[in-house]
1. Rg(Cα) of the chain divided by 2.2 N^0.38 Å?
2. Each label point is 7 Å from the Cα along the Cα-to-Cβ direction; what then is the distance between the points at residue 13 and residue 88, in nm?
3. I'd like the orientation of helix 192-203 relative to the chain: the angle between its Cα long axis and the longest Cα principal axis, in ° from 0 to 90, rounded to 10.
4. Report relative contact order for the chain in percent, whole number only (criteria: Cα-Cα under 8 Å, sequence separation at least 6).
5. Which order do the peptides 58-65, 187-194 take when ranked by the mean count of other beta-carbon atoms within 10 Å per residue, highest first?
6. Could you give the distance between the Cα centres of segment 167-205 and segment 26-64, to the whole Å?
7. Hey, what number do you get for the chain at 222 nm if only DSSP H runs of n ≥ 4 count, each worth -39500 (n - 2.57), divided across all residues, to the nearest 500?
8. Separation between the residue 133 and residue 151 pseudo-spin-labels, each 7 Å from Cα along Cα→Cβ, expressed in nm?
């Protein structure tokens with residue numbers, strides 16, 4: 001069973017509908033027992049980092065997600081804010097994250113001379129450059145377009161888990177894969193054929 005984690009803060013319906021098209025067994029749930037027994041987890045999300053972390057803690061999901069990802073090593077995918085919540089810390093709300101990925105989240109550093117053509121949030125279609133051997137991007141052409149909506153992004157000193165990057169004013173991390181932990185800064189559920197293939201790759205793990 002794949003559980004799409006409901007923490008009151010995400011685009012659950014659109015992700016759920018795409019997963020159902022893959023004929024996988026998926027359920028939207030906030031309940032401890034469902035998350036505890038899942039074979040795979042997806043953490044979606046749109047909105048404020050600190051609020052998202054607080055909602056996970058309010059619903060007793062924070063420690064359980066860490067246990068399932070770090071100790072039990074089940075596959076878990078974070079989408080957009082969900083991926084950001086995997087980090088150690090975010091500037092948005094000065095909040096600690098789930099601490100699954102050794103990275104932090106910063107707001108886009110768009111310079112004054114770039115601001116007339118590059119707005120924040122970064123919104124719309126953009127390329128993802130494959131960096132290394134990506135499991136999620138299997139059978140997806142290099143530089144495929146994915147749909148983004150975000151004002152913050154990952155930065156990290158360790159490149160080992162960075163499997164995709166994108167340019168918006170400068171290069172930023174848009175895809176992470178570390179053992180059983182996966183994250184997309186973009187929205188695969190809104191990214192047409194390439195996004196469906198990415199979700200299929202995750203479901204097939």
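Bear in mind that the values in this text are calculations on the coordinates, not laboratory data. All of these numbers come straight from a predicted model, not from anything done at the bench. Glycine also receives a Cβ, built like all others from the backbone with ideal geometry; neighbour counts cover every protein chain displayed.
1. Values: Rg = 15.8 Å, N = 205, 2.2 N^0.38 = 16.6 Å.
Normalised Cα radius of gyration, the chain: 0.95.
2. 3.9
3. 40
4. Values: 443 pairs, mean separation 38.4, N = 205.
Relative CO of the chain lands at 19 percent.
5. Working: 58-65: 16.2, 187-194: 19.2.
Order by mean packing, descending: 187-194, 58-65.
6. 19
7. Helix-only estimate at 222 nm: -6000 deg cm²/dmol.
8. With each label placed 7 Å out from Cα toward Cβ, I get 4.0 nm.
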